[in-house]
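Have a look at the structure below before the remarks.
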Amino acid sequence: MSSAPDAVDAAVIEAFSRIPVWLERSEALVARGRYLDCDCLLGPVEQPFHVAIRSGRIVDLTPAPVLMRSWRFSYRATSPAWAHYWQPMPRPGWHDLLALTKRGEAVLEGDLHSFMANLQYFKDLLALPRQYARAAA
């Protein structure tokens, strides 16, 4: 039974590693984030990624931990939460980043100004696997 959680963890990490490629395919999303420059920590709780965003594009995505690398805010969720969130039509309570935090499945911490000022960008960015992972399957 331990192989199922391991498979979910691996699938979530794989999906996160592909987000920069999927973002480049979405010019509208890049345009939405054109004024965003930040370093943040995103991904699964078990294996988050340091993400550097410049002008709406992900210029660096490095698995954590990286010594002495700072971040402005962090949004991390459990791997099962990401799997539910990326369903084509997620159930209520699993459909939104802030809903995941309310459920206790995700943690949002740090200086939230960049996150909240660009909330729709981050919602759409982190929902990219809904569209592309399903199309690849």
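The values are calculated or read from the model by the stated rules, or taken from the named source; none is laboratory data. Computed from a predicted model, the values in this text were never measured in an experiment. With ideal geometry, Cβ positions are generated from the backbone for all residues, glycine too; neighbour counts draw on all protein chains shown.
Annotations for the structure displayed:
- Residues satisfying the criterion are present in the range 51-73 (criterion: in contact with a Cys (Cβ under 7 Å, 6 or more places away or on another chain), more than 13 Å from L23 (Cα to Cα) and surrounded by fewer than 19 Cβ atoms within 10 Å (Cβ to Cβ)).
- Selection of the range 22-67 for residues being under 19 Å from Y132 (Cα atoms), assigned to a strand (DSSP E or B) and touching an Asp or Glu at 6+ places or on another chain (Cβ under 8 Å) yields P44, R57.
- Unmet requirement for V66, which otherwise passes all of (1) in contact with a Phe, Trp or Tyr (Cβ under 8 Å, 6 or more places away or on another chain); (2) within 22 Å of D9 (Cβ to Cβ); (3) of a type outside the set (S, T, Y): (1)
- Verdict on M89 being surrounded by fewer than 19 Cβ atoms within 10 Å (Cβ to Cβ) and at positive phi: no
- Pairs with Cβ under 6 Å, 6+ apart, first in the range 89-109 and over 12 Å from A127 (Cβ atoms), second of a type in the set (D, E, K, R) and at pLDDT 95 or above: G93/R103; V107/R76
- Options Q120, Q131; residue that is surrounded by fewer than 19 Cβ atoms within 10 Å (Cβ to Cβ), part of a helix (DSSP H, G or I), over 13 Å from the mean Cα position of the chain (by Cα) and not small (G, A, S): Q131
- Hits in the range 68-97 - residues which are under 23 Å from D37 (Cβ atoms) and either assigned to a loop (DSSP other than H, G, I, E, B) or of a type outside the set (S, T, N, Q) (or both): M68, R69, S70, W71, R72, F73, Y75, R76, L97
- For the range 7-21, filtering for residues that are surrounded by 18 or more Cβ atoms within 10 Å (Cβ to Cβ) and either small (G, A, S) or not in a helix (DSSP H, G or I) (or both) leaves 1.
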